[in-house]
Amino acid sequence: MSAHLQVSGLEVTVSGEHGERIRIVDDVNFEANKGEVLALIGESGSGKTTIALALMAYARRGCTISAGQIRIGDTSVLELSREQLFGFRGNRVSYVSQSAAAAFNPSKSIMDQVIETAMLHKLSSKSAARSKAIELFSSLALPNPETIGNHYPHQVSGGQLQRLMAAMALISDPDVVILDEPTTALDVTTQIEVLRAFKKVVRNRGTTAIYVSHDLSVVAQMADKIVVLKNGTVREAGETMQVLDAPSDEYTQALMAAAKPSLRVESLKKPDSETEAALLELRDVSAGFGRVDADGMPKFTILHDVNLTVERGTTLGIIGESGCGKSTLARTIAGLHPAAAGSICLDGVPLATHLSKRTRDQLRRVQIVFQNADTALNPAHTVEQVVGRPLVFYKGISADETHKRVAELLAQVKLPVDIATRRCAELSGGQKQRINLARALAAEPDIILCDEVTSALDTVVGAAILDLIAELRRELDVAFIFISHDISAVRSVCDDILVLYSGRTVEFGKRENFAAGPGHPYTDLLVSSVPELRQGWLEETSARTILRPVDNAVDVDEICAFVDRCPVRLDGICDTKRPPRLIHANGNEVLCHLPQAES
Amino acid sequence: MILLLVAKRILIAFFTLLLVSLVVFSITSLLPGDAAQELLGQSATPEIVAELREQLGLNQPGHIRYLVWLKGLLSGDPGISMVSDMPVRDIIGQRLPKSLMLAGLTAAVSVPLALLIGILSAMYRDSRLDRSLNIVTLSMIAVPEFLVATIAVIVFAVQLRWLPSITIVSPDATFGELARAFAMPVMTLCFVVVAQMARMTRAAVINQLDSPYVEMAILKGARPTRIALRHAFPNAIGPVVNAIALSLSYLLGGAIIVETIFNYPGIASLMVNAVTSRDMPLLQACAMIFSGAYLMMVLVADIVAIVSNPKLRHR
Amino acid sequence: MNRVRGAGLVGLVLVIAWGLIALFGPMLAPYEVGAIVAPDVFERMGGAHLLGSDYLGRDVLSRLLNGARFTVGLSFGAALLASSSGAALALFSAISVRWVDETVSRLMDALISIPGKILALVIVAAFGSSMVLLLLIAAVSYMPGAFRIARSLAVNLNQMEYVQVARVRGEGRVHIAIFEILPNMIHPLLADFGLRFVFVVLLLSGLSFLGLGVQPPDADLGSLVRENISGLAEVAPAIIAPALAIATLTIGVNLLIDSLASGGRSVTDEA
């Protein structure tokens, strides 16, 4: 008996600049049985989304499905007529896309969109479709399943939208569901909930699913089979267990290596003498935006009394989810977002809050590297102009010397010298991020602020950047502040770690203390939410209890900020009082009511 | 929230209109010549000129004259025409309805036509239809109105003798006569306005058609018509109304040539007369009407955009 | 230029042709521009006078070749002035402190609210219409639009991370404006300049057509249409030729910009 889903000889082309056809998917074959989850894994440009869309006989603008066969059940998908496709798409195969926020129509209610497929294909009455949707909402663990559909997309959170989209895909009981990076845009603590909900629904309904992802650890939880893709071709395919345990292809091995947490910094540097002032010290720094009140505090506070110290030559990791204020913290240190209160000292000397009041030498000593290398480099400039500018600006050295120094810096970030004459717009993402680092190094700074420098990069490229940072740390006497949402990246390069939640330092301490735990409940949640690269992890990790929401009338500044998500909260204490700052036995500072033993 | 935004927007419009009045007044009273001297001609004695200056308030400092003029404008009395010696209000009162009629007819024809063309070419993007429409509309925009008007006259009045080359409307004209009279001016104005509006509508709709939620609708099996009308268009309303407002405001400028060519007694040809005869009070009033109309249309478009934004409507 | 194909190529040819005519037209003219050389008024095309004769019996081709210089030259100058001053003011405004930016932007908003042709009429009424004045009038009428485009570009670029990097480095405002922001504005500004040029051509021809533009004895293409309007009933080439000349010039520029900036801003964003 043949498989439920069969893809053979699939080829997709795009038209090039001169009208020639370029193959972006080349001779791809795979198959999946009924009720199986098959993962398409690869980095950007691997063709995974293109293949997934081809399963619905859909190609994006400029792309053409030029050869191959796709069979789903008895249907030969690529031979369907235009008219037949209207009845096929959404009905037999449905799609869940990466960014639910963009894939929902902003001007229609959620319920209308969820049941649209059922209405289009006349699968059931409107009221039947509605009750089915509500049923799906509750099996996807969505809050208030009865009413959530009446909302508009912008009124619910990203994690909820992603699950609502899954409901939208399942409403028609399709033969195959395509899940295209459905959790990539989510925070890690939300991701685990969404994954759990997806897995339950897919298993219970016996749905055949195609799971598209770049993340091996996530795929390990979801998939029965894995197809590894690179540049539009299949590199390796097999059962999940076999691919993870014994990858035969070189590229798969590289992916695995990049995905495994590794320690990049062996020895922790210690300050030479106790008397020396810390290189960078923040005392009770607050920042925000909006109108400033009489006390000098802005209307919306993003950072609340942040304290931190960075010793010369060490690396501090700052971790937190999106919106926790970690980027604002970097911008505040750099003087781009002036602090409203508190002090920032460099080598014991207070820095002005706004960068225009800082001396040129102070500016030189603190450099910042931004997340998005595409926008951090001026596309109109050449690499030499970009890297050479700090040299000319701070040191005023001659053109000849600049040229020589730029070559040295490029070598330091492992780029060929001849790249110097290229325009920044022509470079790849990884190359751009190296140029970004080289520009910061050119100023010979004491500290470099790295804001999410690897998150826009593919896993393998990002791992190489982490290696580079670790190496620079060893070779140069420069300190780093490494800001990331990815705790394994932070753990692999940092000496100290600061956990930021809702603008507050909830835990601060040595790196090695974070592997063992327990610490602040949020840190524990964060650490335990990172998927491990093995099957069965998701099942072993206990599901979280759904918490009763906290009374909205309480001023959140007067209670624990984490209380509404805390699994171990003490009612009557955590939701009424501000938590104290405790020093745990391992030396970590923790902002929590709970004594260490209980957590 | 919506009310607050709308109120704020209206306030800005008024403030801008105030600035416009300041600009218009400054330009027109920085006159090198002397209005009194000009009115009376070279033969007038200095005494008579001085008397008239007094009478016209020309001896007062600029800011006082501005305030007096502004007050008159706000109370609906923008002064006395220097040339015809009639109140500007009366002259404009006769002409304004005719201009509004022309603009209204043009809008009634052009808006549905432009939306149709715009949406069609967005739906069939890069097809042969779309590409030809692109070149046609692109050329239509670049053609001066007087070329369109002259060609229209040559074809319909001179060669075919279907239509009169001058628009004269008697009060007791039948519908057929009216249609014949307005055909050419409306056609000429539509020619340019439709092209502009259609292009902007196309861009606005395409912008929505490129969004992920449209791809999602395709993957649900929705048909193109449904996608364009039910999914994309509701989100394109803001930009499309903006396109309509901007294009219709072009009517204001385009009407100058068209009214002159067809000898149509509207505000625009009145303004051209005011320029040739340097009738400043009349000119100022006309300029304010045109600017006010522009601001009004842009204001309406902005308010529609605010009200049609789902993020503001459903909070 | 290798991206220019099809309609864009037609545009390119038209633009080059009109550029050459503006430069060398008067030298190519077969007859003296003001001389009455034909036996008859409103002669047909062909014969001794390729485009016939005008309402006084002057050679239409010669007048056209001379008139193109005024239309193209004045418009080019005015558009250049409008675009460059608009861009300069926008850059200045975008990097200035907030209240300066607010003030300049509000004032420009007010100027934009006076439709270009109306503003031009007001200025003509107040100051007359010499060549220099016409150039200034056209520049002033279309500068606010150029300002608005350039400012929104500059404000967006000002938010870019590379500009923030420069700021953190301690670079001055002027350096940031000229070295970091300006180079990335050039492309869209060039397309916008082409649009301004088209607007100015239409504005100046319109003014001349109304008798408020270029004054006799000089004549631009718009004046040629006006002075021969009495030939309309005879469908004289004297009126068709200059009108078509304007159309080919503006259509040419539009087609060229459209093919260069495909997918970018379109000609319809009149401002």
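Any idea which residue in region C:56-114 is least open to solvent (accessible area, probe 1.4 Å), counting only those that are among the hydrophobic types (A, V, I, L, M, F, W, C) and outside any helix (DSSP H, G or I)?
The qualifying residue least open to solvent (accessible area, probe 1.4 Å) is C:114.
Have a look at B:117, B:135 and point out the one that is farther than 12 Å from residue B:194 by Cα and within 14 Å of chain C (Cβ to nearest Cβ).
B:135
List the number of the failed condition for residue B:211; all other conditions in (1) open to solvent by 40 Å² or more (accessible area, probe 1.4 Å); (2) closer than 20 Å to residue B:127 by Cα; (3) at the interface with chain A (Cβ under 7 Å from one of its Cβ atoms) hold.
In the conditions (1) open to solvent by 40 Å² or more (accessible area, probe 1.4 Å); (2) closer than 20 Å to residue B:127 by Cα; (3) at the interface with chain A (Cβ under 7 Å from one of its Cβ atoms), residue B:211 misses (1) alone.
Return the residue satisfying two criteria in turn: it lies in region A:297-325 and is open to solvent by 10 Å² or more (accessible area, probe 1.4 Å) and among the aliphatic types (A, V, I, L, M), and of such residues it is farthest from the chain's Cα centre (by Cα).
So the residue we want is A:297.
How many residues does region A:294-332 hold that are within 17 Å of residue A:366 (Cβ to Cβ) and in a loop (DSSP other than H, G, I, E, B)?
4
Considering region C:142-199 alone, what residues qualify as being within 14 Å of chain A (Cβ to nearest Cβ) and among the aromatic types (Phe, Trp, Tyr)?
Those that are within 14 Å of chain A (Cβ to nearest Cβ) and among the aromatic types (Phe, Trp, Tyr): C:162, C:179.
Which of the helices (runs of 4 or more DSSP H) contained wholly in region A:138-238 include at least 3 residues that are at pLDDT below 90 and open to solvent by 20 Å² or more (accessible area, probe 1.4 Å)? Walk me through how you get there before you give the answer.
Details: elements: A:158-170, A:188-205, A:216-222.
Output list reads A:158-170, A:188-205.
Go through region B:152-164 and count every residue that is more than 8 Å from every other protein chain (Cβ to nearest Cβ) and either open to solvent by less than 10 Å² (accessible area, probe 1.4 Å) or closer than 17 Å to residue B:259 by Cα (or both).
Adding up the residues that qualify gives 4.
Conditions first: (1) in contact (Cβ under 8 Å) with a residue 40 or more places away in the chain; (2) surrounded by fewer than 24 Cβ atoms within 10 Å (Cβ to Cβ); (3) of a type outside the set (A, V, I, L, M, F, W, C). Residue B:202 passes all but one, so which condition is the exception?
Of everything listed in (1) in contact (Cβ under 8 Å) with a residue 40 or more places away in the chain; (2) surrounded by fewer than 24 Cβ atoms within 10 Å (Cβ to Cβ); (3) of a type outside the set (A, V, I, L, M, F, W, C), residue B:202 misses just condition (2).
With the requirement that a residue be surrounded by 16 or more Cβ atoms within 10 Å (Cβ to Cβ) and closer than 18 Å to residue C:8 by Cβ, what does region B:126-149 give you?
Result: B:130, B:133, B:134, B:135, B:137, B:138, B:139, B:140, B:141, B:142.
Please count how many residues of region C:126-141 are modelled with pLDDT of 85 or more and within 11 Å of chain B (Cβ to nearest Cβ).
Looking only at that region, the number is 3.
When residues of region C:222-239 are filtered for being open to solvent by less than 10 Å² (accessible area, probe 1.4 Å), modelled with pLDDT under 85 and among the aliphatic types (A, V, I, L, M), how many remain?
Result for region C:222-239: 3.
I want to confirm something. Restricting to region A:83-127 and keeping residues that are assigned to a loop (DSSP other than H, G, I, E, B) and more than 10 Å from every other protein chain (Cβ to nearest Cβ), which single residue is most open to solvent (accessible area, probe 1.4 Å)?
A:122
Is there a residue in region A:327-348 that is buried (at least 22 other Cβ atoms within 10 Å of the Cβ), within 21 Å of the chain's Cα centre (by Cα), touching a residue at least 24 places away in the same chain (Cβ under 8 Å) and away from chain C (no Cβ under 14 Å)?
Yes, the conditions are met somewhere in region A:327-348.
How many residues does region C:156-182 hold that are touching a Pro at 6+ places or on another chain (Cβ under 9 Å) and within 21 Å of residue C:82 (Cβ to Cβ)?
Within region C:156-182, residues that are touching a Pro at 6+ places or on another chain (Cβ under 9 Å) and within 21 Å of residue C:82 (Cβ to Cβ) number 0.
Any idea which of B:232, B:243, B:285, B:274 is away from chain C (no Cβ under 13 Å), open to solvent by less than 10 Å² (accessible area, probe 1.4 Å) and of a type in the set (A, V, I, L, M)?
It is B:232.
If you go through region C:125-160 one residue at a time, how many are under 28 Å from residue A:364 (Cβ atoms), crowded, with 21+ Cβ neighbours inside 10 Å and not hydrophobic (A, V, I, L, M, F, W, C)?
Adding up the residues that qualify gives 0.
Give me the pairs, please: first residue somewhere in region C:6-23 and touching a residue at least 60 places away in the same chain (Cβ under 8 Å), second residue anywhere and not hydrophobic (A, V, I, L, M, F, W, C), beta-carbon distance under 6 Å, and either six or more positions apart or on two chains.
From region C:6-23, the pairs are C:8/C:259; C:11/C:252; C:14/C:248; C:14/C:252; C:15/C:252.
Whether any residue in region A:446-467 is in contact with a Lys or Arg (Cβ under 8 Å, 6 or more places away or on another chain), β-branched (Val, Ile, Thr), more than 22 Å from residue A:311 (Cα to Cα) and not in a strand (DSSP E or B) is what I want to check.
Yes, there is a match, as at least one residue in region A:446-467 is in contact with a Lys or Arg (Cβ under 8 Å, 6 or more places away or on another chain), β-branched (Val, Ile, Thr), more than 22 Å from residue A:311 (Cα to Cα) and not in a strand (DSSP E or B).
Kindly list, by first and then second residue, each pair from a residue in region A:145-167 that is farther than 17 Å from residue A:95 by Cβ and more than 10 Å from every other protein chain (Cβ to nearest Cβ) to a residue that is open to solvent by 60 Å² or more (accessible area, probe 1.4 Å) and of a type in the set (Asp, Glu), limited to pairs with Cβ atoms under 9 Å and residues at least 6 apart or on different chains.
These pairs meet every condition: A:145/A:135; A:149/A:112.
The values are calculated or read from the model by the stated rules, or taken from the named source; none is laboratory data. What you see is a predicted model; the values in this text were computed from it and never measured. As a convention, Cβ positions derive from the backbone with ideal geometry for all residues, glycine included, and neighbour counts pool all protein chains shown. Note: accessible area is taken over every heavy atom of the protein model, side chains too, but ligands, DNA and RNA are not part of it. Shrake-Rupley method; radii C 1.70, N 1.55, O 1.52, S 1.80 Å.
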